[in-house]
Ligand code: GLV
Ligand code: MN
Ligand code: MN
């Protein structure tokens with residue numbers, strides 16, 4: 001039983017495990033928890049209980065982020081935010097995101113049990129849309145909090161045509177505010193999607209943002225280390241392509257006369273892969289989602305939509321690759337009598353972590369008996385958005401074989417315990433630096 005476990009890393013892991021199945025997942029036999037879905041609301045309900053048990057007061061912000069607040073000795077001092085995301089990719093691992101939230105709750109629980117107040121409040125924030133697995137956007141909720149979200153970014157709809165506006169409205173219960181929420185959570189008014197931008201935090205009102213996350217890569221394991229201090233996060237560009245040909249009868253349309261959007265898209269994808277491979281650097285390019293329409297065995301596909309995700313630690317390299325990809329797509333389209341349109345879903349700049357906070361994290365690792373080690377993150381995190389608001393720090397935790405975005409994702413509870421201890425050390429050091 002999760003509730004019988006003592007506070008700390010093992011309980012954080014067990015709580016992530018618990019959230020890996022219905023009602024916290026909307027996928028049979030695996031984890032899929034997208035933003036503003038029943039599974040998302042169920043996870044918020046569980047988190048509310050755990051946050052309250054840890055001495056926090058709980059609320060939702062206008063972007064439907066769940067926030068638990070633990071007051072500091074000085075009530076109105078800028079808060080330390082600790083968080084990560086509770087949405088997931090399809091058929092996800094259990095720890096990408098939730099572990100950082102659970103470890104934050106454990107840290108506050110430990111402080112609360114010890115009767116310790118810091119010179120600042122601590123808020124644990126469970127972000128909702130880091131993965132971008134529902135709407136054609138990502139990090140909507142952390143970008144809203146950081147104040148870097150444009151209103152037109154909210155004009156999005158999911159694959160079923162449900163707009164963000166409608167998803168927010170139906171997430172809200174007619175009589176109680178945010179309906180699927182526990183009755184005791186404070187609920188914001190909701191008058192429309194533009195309210196969303198009110199999730200923005202005032203500049204200066206946030207002391208720092210701390211995110212603990214599984215590494216999602218093989219470096220720590222290869223070094224034999226449980227933990228590492230993140231130096232920064234690679235720049236990310238997400239595009240969405242629509243290839244248009246002509247839908248036609250699969251039995252009567254001769255091969256020479258076809259304008260097949262799907263075979264054209266296949267050639268485009270190989271070109272994308274080739275551009276990234278030929279670069280032989282840290283450049284990566286991925287087509288992870290594809291949809292062929294009308295999607296029938298006896299119809300030549302008339303339209304194909306696919307995603308393109310391009311990343312590199314060097315933004316100029318990433319942008320050069322994006323240009324080369326656009327040229328290649330046009331070339332394939334014109335050679336096959338197709339049209340291609342590419343839209344930008346998001347462009348997240350590389351985001352360095354704060355040097356003073358990195359030193360503080362290194363010192364917390366050393367105090368907890370771990371050799372300080374620094375590494376860069378190829379994966380995106382809410383910390384990228386939060387860097388526009390305040391200094392950020394990230395702690396990486398070893399994961400088995402570097403596997404992530406996969407149900408085989410695994411972490412050792414002992415490593416989670418090490419992360420929990422390091423976070424407590426980091427919080428203590430931050431408290432000392434503020435008091436000094
Ligand atoms: C999030 O996991 C991302 O890096 O896309
Ligand atoms: Mn992820
Ligand atoms: Mn993540």
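The values are calculated or read from the model by the stated rules, or taken from the named source; none is laboratory data. In this text, all values refer to a predicted model and were calculated from it rather than measured experimentally. So basically every Cβ, Gly included, is an ideal-geometry build from the backbone, and we count neighbours across all protein chains shown.
When you look at residue 263, is it in contact (Cβ under 8 Å) with a residue 60 or more places away in the chain and either in a loop (DSSP other than H, G, I, E, B) or under 18 Å from residue 293 (Cα atoms) (or both), yes or no?
When the stated conditions are applied, residue 263 passes them.
Exactly one of these conditions fails for residue 128: (1) surrounded by fewer than 24 Cβ atoms within 10 Å (Cβ to Cβ); (2) touching a helix residue (DSSP H, G or I) at 6+ places or on another chain (Cβ under 6 Å); (3) touching a residue at least 24 places away in the same chain (Cβ under 8 Å). Give me its number.
(1)
Scan 210, 237, 225 and give me the residue that is away from ligand 3 (no atom under 16 Å from the Cβ), closer than 30 Å to residue 101 by Cβ and in a strand (DSSP E or B).
237
From the list 22, 34, 43, which residue is touching a residue at least 40 places away in the same chain (Cβ under 8 Å) and either part of a helix (DSSP H, G or I) or over 18 Å from the mean Cα position of the chain (by Cα) (or both)?
Just one listed residue meets the conditions, 43.
Here is a list: 80, 60. Which entry is over 28 Å from residue 398 (Cβ atoms) and crowded, with 24+ Cβ neighbours inside 10 Å?
After ruling out the rest, the residue left standing is 60.
Within the range 92-112, identify whether any single residue is more than 14 Å from ligand 3 (Cβ to nearest atom) and in a loop (DSSP other than H, G, I, E, B), and answer yes or no.
no
Exactly one condition in (1) surrounded by 24 or more Cβ atoms within 10 Å (Cβ to Cβ); (2) assigned to a loop (DSSP other than H, G, I, E, B) is false for residue 89; which is it?
(1)
Which residues, taken from the range 114-149, are closer than 18 Å to residue 80 by Cα and within 12 Å of ligand 1 (Cβ to nearest atom)?
Passing the criteria: 127, 142.
Within the range 58-77, how many residues turn out to be in contact (Cβ under 8 Å) with a residue 40 or more places away in the chain and over 24 Å from the mean Cα position of the chain (by Cα)?
6
Where in the range 290-405 are the helices (runs of 4 or more DSSP H), entirely inside, with at least 3 residues that are outside the structural domain of residue 427 (by TED's automatic domain parsing) and crowded, with 19+ Cβ neighbours inside 10 Å?
On the way: elements: 315-335, 355-367, 382-386.
Because the criterion is at least 3 residues that are outside the structural domain of residue 427 (by TED's automatic domain parsing) and crowded, with 19+ Cβ neighbours inside 10 Å, the helices (runs of 4 or more DSSP H) in the range 290-405 that meet it are 315-335.
Consider the range 227-243. How many of its residues are surrounded by fewer than 18 Cβ atoms within 10 Å (Cβ to Cβ) and touching a helix residue (DSSP H, G or I) at 6+ places or on another chain (Cβ under 8 Å)? Explain how you work it out, then say what you get.
We begin by selecting, within the range 227-243, every residue surrounded by fewer than 18 Cβ atoms within 10 Å (Cβ to Cβ); these are 231, 240, 242.
Subsequent filtering for residues that are touching a helix residue (DSSP H, G or I) at 6+ places or on another chain (Cβ under 8 Å) retains 231.
Adding up the residues that qualify gives 1.
Return the total of residues in the range 272-289 being surrounded by fewer than 16 Cβ atoms within 10 Å (Cβ to Cβ) and not in a loop (DSSP other than H, G, I, E, B).
So the answer is 5.
Just a yes or no: is a residue in the range 62-70 at pLDDT below 95 and closer than 17 Å to residue 430 by Cα?
no
Of 259, 289, 305, 201, which residue is within 30 Å of residue 81 (Cα to Cα) and either within 29 Å of the chain's Cα centre (by Cα) or at pLDDT 95 or above (or both)?
Being within 30 Å of residue 81 (Cα to Cα) and either within 29 Å of the chain's Cα centre (by Cα) or at pLDDT 95 or above (or both) holds for just one of 259, 289, 305, 201, which is 201.
Out of curiosity, is residue 22 modelled with pLDDT under 95, out of contact with any strand residue (DSSP E or B) (no Cβ under 7 Å at 6 or more places or on another chain) and assigned by TED's automatic domain parsing to the domain that holds residue 405?
Values: modelled with pLDDT under 95: no; out of contact with any strand residue (DSSP E or B) (no Cβ under 7 Å at 6 or more places or on another chain): yes; assigned by TED's automatic domain parsing to the domain that holds residue 405: yes.
Against the criterion (modelled with pLDDT under 95, out of contact with any strand residue (DSSP E or B) (no Cβ under 7 Å at 6 or more places or on another chain) and assigned by TED's automatic domain parsing to the domain that holds residue 405), residue 22 does not qualify.
Of all the residues that make up the range 131-145, how many are part of a helix (DSSP H, G or I) and surrounded by fewer than 24 Cβ atoms within 10 Å (Cβ to Cβ)?
Number of matching residues: 0.
Give the residue that is nearest to ligand 1 (Cβ to nearest atom), with candidates limited to residues of the range 406-416 that are in contact with a strand residue (DSSP E or B) (Cβ under 8 Å, 6 or more places away or on another chain) and in a loop (DSSP other than H, G, I, E, B). Working first, answer last.
Applying the first criterion (in contact with a strand residue (DSSP E or B) (Cβ under 8 Å, 6 or more places away or on another chain)) to the range 406-416 yields 409, 411, 415-416.
Of the ones still in play, those that are also in a loop (DSSP other than H, G, I, E, B) are 409, 411.
Details: 409: 11, 411: 15 Å.
Ranking the qualifying residues of the range 406-416, first place goes to 409.
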